[in-house]
Amino acid sequence: MEIRLNIDTAEYKEKPSAYAGAIRNRLCNEKSIRTVTPELLIECVRRGRTFAPAEMTGTTGSTWQSQQVICADIDNDTGEKDADGRKIRIKNPLTPEQASEVMRNYGIDPYFMYYSFSNGENWPKFRIVLILDEVITDPGEAIDLANRFNGIFNAAAEHCADTSSEDNARYFFGGRSDSIF
């Protein structure tokens, strides 16, 4: 199986928050579209490379072309910040084991999961990656599927999945070399 999506060339060992605009510009263009195997995508994530789960020619959702990868971003935060500007953790964070059970209940088999750079022992932060059998060419269908996928986790642990993205111009940072499971 081969999939087409945007993958950054830069590799990171920690979350590159200071360079988000430069990453988006480097990632979301025709030059960053790659045809890869799922195994190569895993290797790119393991090396800390950022990816967009879709094929995009620019930095906005209107440049979305197609998509075969759906991701859930399990941040386990309320979406609010404390007085010091730090994200607030939800009371009962969803663990990878619990996420696996949720997916089993829905008959969903993820291709892989990985810990994000900001994962902590008491605050699990991870991503779940599905690779679909068919390519989605309708942008509304891709948004709907991503929202429904994230929704099954939020039904299990309110606010665990990040649903802040309203369009298809979403990208995900890779993880540490030992982060794939």
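The table that follows gives values for the structure above.
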| item | result |
| --- | --- |
| Breaking point among (1) open to solvent by 10 Å² or more (accessible area, probe 1.4 Å); (2) farther than 22 Å from ILE3 by Cβ, for THR63 | (2) |
| So TYR115, is it touching a Gly at 6+ places or on another chain (Cβ under 7 Å) and within 24 Å of CYS44 (Cβ to Cβ) | yes |
| Any strands (runs of 3 or more DSSP E) falling wholly within region 68-181 and containing at least 1 residues that are among the β-branched types (Val, Ile, Thr) | 77-81, 87-89, 126-136 |
| Total residues in region 75-121, condition among the hydroxyl-bearing types (Ser, Thr, Tyr) and at positive phi | 0 |
| Matching residues in region 149-181 - criterion: being open to solvent by 80 Å² or more (accessible area, probe 1.4 Å) and under 22 Å from GLU80 (Cα atoms) | ALA155, GLU158, HIS159, SER164, GLU166 |
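Table: residues versus (1) closer than 25 Å to ARG86 by Cα; (2) open to solvent by 90 Å² or more (accessible area, probe 1.4 Å).
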residue	(1), (2)
SER100	no, no
ILE108	no, no
GLU121	yes, yes
PHE126	yes, no
ILE136	no, no
GLY140	no, no
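The values are calculated or read from the model by the stated rules, or taken from the named source; none is laboratory data. Since we're looking at a predicted model, the values are computed, not measured. Quick reminder, even Gly has a Cβ in these numbers, built from the backbone with ideal geometry, and neighbours come from all protein chains shown. Just so you know, the surface numbers come from the protein's heavy atoms only, side chains and all, with ligands and any DNA or RNA stripped out. Shrake-Rupley method; radii C 1.70, N 1.55, O 1.52, S 1.80 Å.
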